[in-house]
Amino acid sequence: MKSLHKTFDILEYVILQNGRKVTPSNAAEAVGVNLATCTRIMGELVDRGYLVKVSRKEGYLPGPMTVSIGTRSHPYERLAKAAAEPVRQLSEELRCQVNLAVLHGERRVMLCYHLNPAATRPWDHFIFSDHWVTATGRLLIASLEDRDARKIVSSIGIRPYPKAGLDKIRADGFTVFPEGALSVMGHLIQAPGYPAAAFGFGVPKQNEKYAFERSAATAETIRRKLSMQNKAY
C-alpha cells in the first residue's frame, strides 16, 4: 500500500508542474522517497503511459494516459464539462479566479477552474482542507447532513459549531462573506445523479452586487446544462 501511495504522489507531482520537466531527483525530494525507488516507479509509469521520458538529463513529463483516462463519461467528468465554459466566462467577466470543487471524504477536490489573466500557473496541489475560509468549502459543508458537517467542522477547529450559518447557506444555496478587502462568494450546484459541487471566487467589495448577480446566473447555467445531460441518457 505504501508503494501505491508513493506512485500516486510521484504522478501527481509531475502533473502539477504544469508542463515543467521533472527529474527523478526532483520528484524524490518533493515527495520524500529515496532516489532509487523514485526512478523505478517513474520507469513503471512510463511503461504504462502515464509518464514520458524526455531524456535522462531533462527528466519526465505527463504521458498520454493522463489525458486518455479522462475521456470516459462519468458523473464527475460530466459535471466538470458542464461547468468549464460558464466558469471561464464568469472568471473573464469579473477578472478573478473562479474554482469549482466537490468534497471527497473530508477534503475538497478541484474539478475545474479558470485563472485570472495575471496568473501564471495554478496551485501546486489538487486537494484542499481550508474549508471555512473559502466559499466552496462553506457551501460543500452545508450540502452535507448535519452529523457529517459537524465532523468536518470539528476537524478544522471551528468552535462553536456554526449551525445557524450553515442552515442559512443550505436554505439560500449561496454564501457571501468578507475576507479583507474582498467579498468572497459562491453558489452550490446540486442536480440529480451528480455529487454536490460548488464554485467560488473573491471580488473587490464595491463589485459585490454585480458579481453576485453574475454568480447566480452562472449557477443556473450549470444546473440547466446538467439537467439537459440527464435528459440525454
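The values are calculated or read from the model by the stated rules, or taken from the named source; none is laboratory data. None of these values were measured; they are calculated from a predicted model. All Cβ positions, even for glycine, are placed from backbone atoms using ideal geometry, and neighbour counts span all protein chains on display.
Quick notes
- The condition of being under 21 Å from the mean Cα position of the chain (by Cα) and assigned by TED's automatic domain parsing to the domain that holds Cys96 holds for Gly137.
- Restricting attention to region 35-49, the residues that are within 11 Å of Leu11 (Cβ to Cβ) and either outside the structural domain of Tyr60 (by TED's automatic domain parsing) or surrounded by 15 or more Cβ atoms within 10 Å (Cβ to Cβ) (or both) add up to 3.
- Unique match (being farther than 20 Å from Phe128 by Cα and either surrounded by 15 or more Cβ atoms within 10 Å (Cβ to Cβ) or over 24 Å from the mean Cα position of the chain (by Cα) (or both)) among Leu79, Leu4, Leu90, Leu103: Leu90
- Looking only at region 205-226, and only at residues there that are in contact with a Pro (Cβ under 6 Å, 6 or more places away or on another chain) and either of a type in the set (S, T, N, Q) or modelled with pLDDT under 95 (or both), the one that is surrounded by the fewest Cβ atoms within 10 Å (Cβ to Cβ): Thr221
- Against the list (1) within 20 Å of Pro86 (Cβ to Cβ); (2) touching a helix residue (DSSP H, G or I) at 6+ places or on another chain (Cβ under 9 Å); (3) at pLDDT below 95, the condition Asp146 fails is (1).
- Checked against the criterion of being of a type in the set (A, V, I, L, M), part of a helix (DSSP H, G or I) and more than 13 Å from Ser91 (Cα to Cα), the candidates Ala216, Ala191, Ala211, Ala198 yield just one match: Ala216.
- Hey, Ala164 part of a helix (DSSP H, G or I), in the same structural domain as Tyr113 (by TED's automatic domain parsing) and surrounded by fewer than 16 Cβ atoms within 10 Å (Cβ to Cβ) or not: yes
- Residue within region 116-127 that is surrounded by 17 or more Cβ atoms within 10 Å (Cβ to Cβ), out of contact with any helix residue (DSSP H, G or I) (no Cβ under 6 Å at 6 or more places or on another chain) and not polar (S, T, N, Q) present: no
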